[in-house]
Every structure is written in C-alpha cells, then in structure tokens.
Amino acid sequence: MIALDGPSGTGKTTAARGLASRLGAGYLDTGAMYRVIALAALRSGTDVGSPDAVTELARRVQLSIGTDPATPRVLLDGADVTADIRAPEVDRVVSPVAAVAAVRELLVAGQRQIIAAVLNGVGGIVVDGRDIGTVVVPDAPLKVFLTASADTRAARRDAQNTAAGLASDPAAARESVEGRDRIDTTRAASPLKAADDAVLLDTSDLDREQVLTALAEMARERGLLDEPAEATR
Ligand code: CDP
Ligand code: CDP
C-alpha cells in the first residue's frame, strides 16, 4: 500500500499510475471520486455551497471507479465520465464539494473498501489524493508527499488544458490550482497536509521518468520492489 499525496499539478496521478504499472499493483485515484460528485452537482444544478444538498446528492448517485492503472475508468450512474470530470468547470467546484465532511466520510469508506479488495486480490495498490497518508490509510508502509512550485504546477495544468483542446490561459490555470490549494489546505475536514512520516519529493525540476525512478527507489528500499529502481523499458 503506497500513499501519494500533494497539491494539484505535482504529478501524483502520472506517478501513481506509472508506479502501479511497474509494481503490477492496482491504482486508485481518489480525486476522481470527488470530481464525480462535483460533476453530478453541476449537472443537477445542486448548490455546491449547501453541505446538506451536496451530501444528499453524494448519497444518491452511483459512483464506480476502476483500479487498473492502464485504463482507470470512472462511471456516474452507469455512464462513462472519465474525460468529463477533468473539465475546468469541475475544477472550479470540486474543492467546496470535497470540503463537506459527510461527503468525505462516505467516499473514504468507499476508498477503504476498494483498497482492501485490491490488496486481497492483486496484492498491492498505489493510491493518490490529499489525505491518504493522514486519514484514509495512516499505516501505509510508504507515504510520499509530492510538492512543486506554483509556476510549475500552473504550467503543467495549462499544458494539460491545451492538450485537451482548450485555449492556453496560464493566469487562469494558476488561479485555479492556487484557489483549490487554498480551500484544500484550510478546510476543517481532513485538510491537505503531509503526514509526519511522509517522504517529501519536490518534482519542480523532475520529469515524469525521474519522479517514477525516485518513487521506485523508495519502494525498493522498503522491500516493495525487487528490481533496480532505474526503469528498463
Ligand atoms: O488532479 P488534481 O491534483 O488537480 O486534483 P485531483 O486529485 O483530481 O483532486 C480534485 C480535488 O478533489 C482536490 O482539489 C481536492 O479538493 C479533492 N480531493 C480531496 O479532498 N481528497 C482526496 N483524497 C483527493 C482529492
Ligand atoms: O495528479 P496531479 O494533479 O498531481 O498531477 P498529474 O495529473 O499527474 O500531472 C499534471 C500534468 O503535469 C500532466 O500533464 C503530467 O504529464 C505533467 N507532469 C510533468 O510534466 N512532469 C512531471 N514530473 C509530472 C507531471
């Protein structure tokens, strides 16, 4: 069980999927689960400023998430919303949704069930989020907290938006990641922070391969990977 936490754009998703593939483990993107509830709120016109309304919605919708690092699919009421949950509109409302304590309780219970099932099945899982090492699985044998400068994170998010066919807007990307970080770090319920026993990894000057190598080395040091950390692909 490997926990990867950190703010937006630090490379958690990329690293978690790569590491899970490398280890032959499962992968759980907990952020995608909060994004599904945020998308459902947008589609149903639910007031994201009302914790009661958001909680009622979260209890009502059917959320299903895959754990295969090659094709992590997310379904909302049976429909594939894997791409839809990455829209900038979802970015704008997901943090208020994720700040609702009852929504977190519901999703954390689901996350623990999925993690237990995958650990019983394929035997290993890499989980990325904000509170994995602090709340969801505080006894994880490896916890990593990824960081990166605000400039780097905004540039990565802007490049991602451009790749998705949206116009480049670095200022808006920066405002979006910083705005979410502010809400995520200051909320009362499970705020974003590094666990005391997490290893900090600054990815500002590292490319995807270098991040993966650093994580694989940490996994190897803890006996979670037998081969050398340097990838042989
Ligand atoms: O991909 P990115 O890092 O931008 O975000 P994400 O991991 O998809 O998470 C989206 C949002 O969900 C975050 O900004 C948090 O508000 C929330 N989240 C959370 O509160 N707890 C988690 N374990 C994962 C995500
Ligand atoms: O999950 P999180 O928001 O922390 O980051 P991500 O979705 O894994 O990465 C955001 C973007 O930055 C993606 O387009 C990655 O390919 C890119 N990235 C990068 O350029 N260099 C890294 N070391 C890690 C990610």
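The values are calculated or read from the model by the stated rules, or taken from the named source; none is laboratory data. Remember, predicted model here, so these are calculated numbers, not experimental data. As a convention, Cβ positions derive from the backbone with ideal geometry for all residues, glycine included, and neighbour counts pool all protein chains shown. These area figures cover heavy atoms from the full protein model, side chains too; ligands, DNA and RNA do not enter into them. Shrake-Rupley method; radii C 1.70, N 1.55, O 1.52, S 1.80 Å.
General remarks:
- Exposure of ASP80 as accessible area (Å², to 10), given a probe of 1.4 Å and all protein chains: 80
- Amide N proximity, the stretch 14-52 versus ALA109 label position 7 Å along Cα-to-Cβ, cut-off under 14 Å: none
- Highest mean packing first, where packing is the average number of other Cβ atoms within 10 Å per residue, the peptides 14-22, 45-53, 150-158 line up as 14-22, 150-158, 45-53.
- Net charge, VAL108 excluded, C-beta distance under 13 Å - Lys, Arg +1, Asp, Glu -1: +1
- The alpha carbon convex hull volume per residue for the chain rounds to 121 Å³.
- Using a Förster distance of 35 Å, the FRET efficiency for ALA229-GLU178 (Cβ separation, nearest 0.05): 0.60
- Cα-based helix-to-principal-axis angle, 208-221 vs the chain, degrees rounded to 10: 60
- Rolled with a 1.4 Å probe across the full set of protein chains, the surface gives VAL122 an accessible area near 100 Å².
- Amide H contacts for ILE125 (H built 1.01 Å from N in the peptide plane; partners 5 or more residues away or on another chain; cut-off under 5 Å): ILE2, GLY26.
- Charge dipole (Cα centre; +1 on Lys/Arg Cβ, -1 on Asp/Glu Cβ; no other charges) of the chain amounts to roughly 380 debye.
- Residues whose placed amide H lies under 5 Å from that of ASP202, excluding near-sequence neighbours: THR147
- Most positive-pole-ward Cα, VAL126, ASN161, PRO51, against dipole of the stretch 2-217 from beta carbon charges: PRO51
- Rounded to the nearest 10 degrees, the angle from helix 30-44 to the longest Cα principal axis of the chain is 20 degrees.
- Helix 12-23 axis, angle to the chain major axis (alpha carbon atoms, nearest 10°): 40
- Applied to the stretch 140-149, the Karplus parametrisation 6.51 cos²θ - 1.76 cosθ + 1.60 on θ = phi - 60° returns per-residue 3J(HN,Hα) values of 4, x, 9, 10, 10, 10, 8, 10, 6, 5 Hz, with x for Gly and Pro.
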